Amino acid sequence: SEGNVFAFLTCEPNPLVAPVHPKAMPVILHPHDYQRWLAGDDAEESVSGDLALDWQASDKTKVYGGLNNGSQLSSLYEQNALDFITTWIGLTHAWTTCTTLGLRASYRRDEYLDPVADGDQQRTPRDQRYQLAARADYRAPSRPWGVYAQVAQEYVVSTLDSVEYDDNRLTLGAQVAY
């Protein structure tokens, strides 16, 4: 039979709903988002994509780079989303048959869709991240495993003073290839 058709969207439950219904809750839209959801006004601005380039400069050296953009939910501000663009360039060099060294520089810009509280004001966050990283990989000969070490320096500039930071990281890890 013909008639009205209805549907609803669900998402992960927030802390208030989770004890009652741990699997899902209805998506809740803020009044200022109604038009965007109903009419799709931002559809033309929401095009996302990826581009990656690799160039084998020599038998031991590879140059790579790329960019991507899209939208995602914010991990910093509940019930907020952001549009992002990321670009990177890097270089890897096979120092020996078992050891690879690499350098990478990246830039990311985040533009949040909704304002957030910043002290006694509401501001729309816009962040810029700059990162430099150096990495060394060791792959054991004739073995399915390897280890790596990476040193990274990241600097973040934001329209919110509380978000700006300068961070140094050391990451140690293992890899298994099967």
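The values are calculated or read from the model by the stated rules, or taken from the named source; none is laboratory data. No experiment lies behind these values; they were computed from the predicted model shown. Cβ placement follows ideal geometry from the backbone for every residue including glycine, while neighbour counts extend to all protein chains displayed. Heavy atoms of the whole protein, side chains included, go into the accessibility calculation; ligands, DNA and RNA do not. Shrake-Rupley method; radii C 1.70, N 1.55, O 1.52, S 1.80 Å.
Report the residues of the stretch 94-119 in range of a label on residue 134: point 7 Å along Cα→C-beta, backbone N strictly under 11 Å from it.
Of the residues in the stretch 94-119, 102-104 have backbone N under 11 Å from the label point off residue 134.
FRET efficiency for residue 168 and residue 17, Cβ-Cβ distance as r, R0 = 41 Å, nearest 0.05?
Numbers: r = 39 Å, r/R0 = 0.95.
For residue 168 and residue 17, the calculated efficiency is 0.60.
Could you calculate the FRET efficiency of residue 123 with residue 27 from 1/(1 + (r/R0)^6), where r is the beta carbon distance between them and R0 is 22 Å, rounded to 0.05? Each step should come with its number before you reach the end.
Values: r = 25 Å, r/R0 = 1.12.
Given R0 = 22 Å and the Cβ-Cβ separation, E is 0.35.
Using only the heavy atoms of the protein chains and a 1.4 Å probe, how would 21, 93 rank by accessible area, largest first? Before the final figure, lay out each step's value.
Details: 21 95, 93 70 Å².
Sorted by accessible area, descending: 21, 93.
Which trypsin sites (Lys or Arg not before Pro) in the stretch 124-159 pass both tests, a DSSP loop state and at most 15 other beta-carbon atoms within 10 Å? Please report the intermediate quantities before stating the final value.
Values: sites: 126, 129, 135, 139; in loops: none.
Here no loop site has a sparse enough neighbourhood.
If amide hydrogens are placed 1.01 Å from N in the peptide plane, which non-local residues have theirs closer than 5 Å to the one on residue 160?
Long-range HN contacts for residue 160: 126.
Once the piece of chain linking residue 89 and residue 150 is laid out straight, how much longer is it, given 0.36 nm per residue of separation minus the C-alpha distance between them? List each step's numbers first, then the result.
Details: separation 61, 0.36 × 61 = 21.96 nm, distance 1.61 nm.
Extra length from residue 89 to residue 150 when fully extended: 20.3 nm.
Taking the solvent-accessible surface of protein heavy atoms with a 1.4 Å probe, what is the per residue accessible area of the stretch 82-178 in Å²?
On the way: 6180 Å² over 97 residues.
Accessible area per residue: 64 Å².
7 Å from Cα along Cα→Cβ at both residue 175 and residue 114: what's the point-to-point distance in nm?
Once both label points are built, they end up 4.0 nm from each other.
Per-residue accessible area for residue 11 at 1.4 Å probe radius, Å² rounded to 10?
Ignoring ligands and nucleic acids, residue 11 comes out at about 50 Å².
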